[in-house]
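Only one structure is covered here, and it is reproduced in the block below.
The values are calculated or read from the model by the stated rules, or taken from the named source; none is laboratory data. Since the model is a prediction, treat every value here as computed from it, not as a measurement. Because the Cβ atoms are built from the backbone with ideal geometry, glycine has one as well, and the counts that use them run over all protein chains shown. The protein model used for the area step is the full one, side chains on, heavy atoms only, and it has no ligands, DNA or RNA in it. Shrake-Rupley method; radii C 1.70, N 1.55, O 1.52, S 1.80 Å.
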Amino acid sequence: MASGVKPRVKAPKSASAGEVVTLKTLISHKMETGLRKDGDGNVIPRSIINRFTCELNGNMVVDVTMEPAISVNPYFEFKAKVDATGEFKFTWYDDDGSVYEAASPVTVG
Amino acid sequence: MKITRRDAVAMGIGATAMAVLPMRAMAAIDELVNDFTGGADIGTGDISLDAPEIAENGNTVPIGVSAPGAEEVILFAPGNPTPPVATFKFGPAAGEQAASTRIRLAKTQDVLAIARMADGSFIQTTATVKVTIGGCGG
């Protein structure tokens with residue numbers, strides 16, 4: 001598990017039915033590109049978050065495949081359509097096999 | 001004229017380098033694009049890239065892409081050592097087929113976005129971003 005990885009999401013707690021809301025997600029991660037060399041001249045191996053998904057009540061909002069060109073501490077902003085009360089689930093997949101998750105409930109009313 | 005072995009090797013390497021270098025960069029991005037489109041024609045349409053004209057720090061360049069009606073959008077930075085940047089798939093719960101993120105750009109280049117529309121067609125757009133300090137660790 002990469003150390004110090006912390007996900008943070010900004011999602012509304014409530015919305016009206018069918019409303020389009022903005023979601024912002026951030027996860028602290030070094031996103032080692034595999035192109036840097038250490039002091040001895042050895043290549044530091046790639047170690048990045050390679051995938052991020054967001055779903056709402058089991059429906060996919062966005063599924064992002066990420067490459068080393070994504071900056072450190074990957075940030076994504078996107079919109080979701082809230083049809084029913086439920087929960088946003090955010091998942092990040094690390095090259096090393098770790099999976100980081102966050103969830104945010106949303107109420108339609 | 002006698003060409004020494006050393007000359008021949010130097011000429012050979014020189015010639016190959018000349019031919020291969022620019023071609024390799026072009027070929028690499030063409031191949032990546034083909035992998036995504038399956039060789040289909042790419043047109044223009046309702047797809048836009050929101051990127052700064054000048055990125056002060058190549059390590060974190062804010063970029064947004066929007067393609068209403070797209071199912072999948074792929075982003076390339078052809079001037080980077082590894083051009084693929086991200087692929088966004090939009091699902092039924094997406095509010096808009098748009099997303100913003102921050103990317104690394106090694107040098108001034110035309111960022112490329114290609115969208116696969118729901119009807120299977122492809123459209124693309126590019127945005128020139130001038131980079132003052134490269135962001136790929138080099």
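Computed values, structure above
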quantity	calculated
Residues being farther than 18 Å from A:W92 by Cβ and open to solvent by less than 50 Å² (accessible area, probe 1.4 Å) - total across the range A:1-13	1
Residue within the range B:41-52 that is modelled with pLDDT under 70 and open to solvent by 80 Å² or more (accessible area, probe 1.4 Å) present	no
Count of the range A:54-92 residues which are of a type in the set (S, T, Y) and under 12 Å from the mean Cα position of the chain (by Cα)	3
The range A:14-27: number of residues that are in a strand (DSSP E or B), in contact with a Lys or Arg (Cβ under 9 Å, 6 or more places away or on another chain) and exposed (fewer than 14 other Cβ atoms within 10 Å of the Cβ)	2
Near pairs, Cβ below 7 angstrom, 6+ apart or cross-chain, from the range A:76-88 (closer than 14 Å to A:T107 by Cα and more than 7 Å from chain B (Cβ to nearest Cβ)) to any residue that is open to solvent by 60 Å² or more (accessible area, probe 1.4 Å) and assigned to a strand (DSSP E or B)	A:V82/A:E19; A:T85/A:T107; A:E87/A:P105
Pick from the range A:28-42, criterion crowded, with 17+ Cβ neighbours inside 10 Å and within 8 Å of chain B (Cβ to nearest Cβ), ranking: modelled with the highest pLDDT	A:T33
Any hit, the range A:24-33, residues being aliphatic (A, V, I, L, M), touching a residue at least 12 places away in the same chain (Cβ under 8 Å) and closer than 21 Å to A:K89 by Cβ	yes
The range A:34-63, residues that are without any contact (Cβ under 8 Å) to a residue 24 or more places away in the chain and of a type in the set (F, W, Y)	none
Positions within the range A:57-71 being facing chain B (nearest Cβ under 7 Å) and over 15 Å from B:A77 (Cβ atoms), in sequence order	A:N59, A:M60, A:V61, A:V62, A:D63, A:V64
Tally of residues being farther than 26 Å from B:L105 by Cα, in contact with an Asp or Glu (Cβ under 9 Å, 6 or more places away or on another chain) and surrounded by fewer than 19 Cβ atoms within 10 Å (Cβ to Cβ) across the range A:49-82	3
Strands (runs of 3 or more DSSP E) (entirely within the range B:55-121) containing at least 2 residues that are polar (S, T, N, Q) and either buried (at least 23 other Cβ atoms within 10 Å of the Cβ) or free of Cβ contacts under 8 Å to residues at least 12 places away in the same chain (or both)	B:94-103
Matching residues in the range B:72-102 - criterion: being under 12 Å from the mean Cα position of the chain (by Cα) and at the interface with chain A (Cβ under 7 Å from one of its Cβ atoms)	B:A77, B:N80, B:P81, B:T82, B:P84, B:V85, B:A86, B:T87
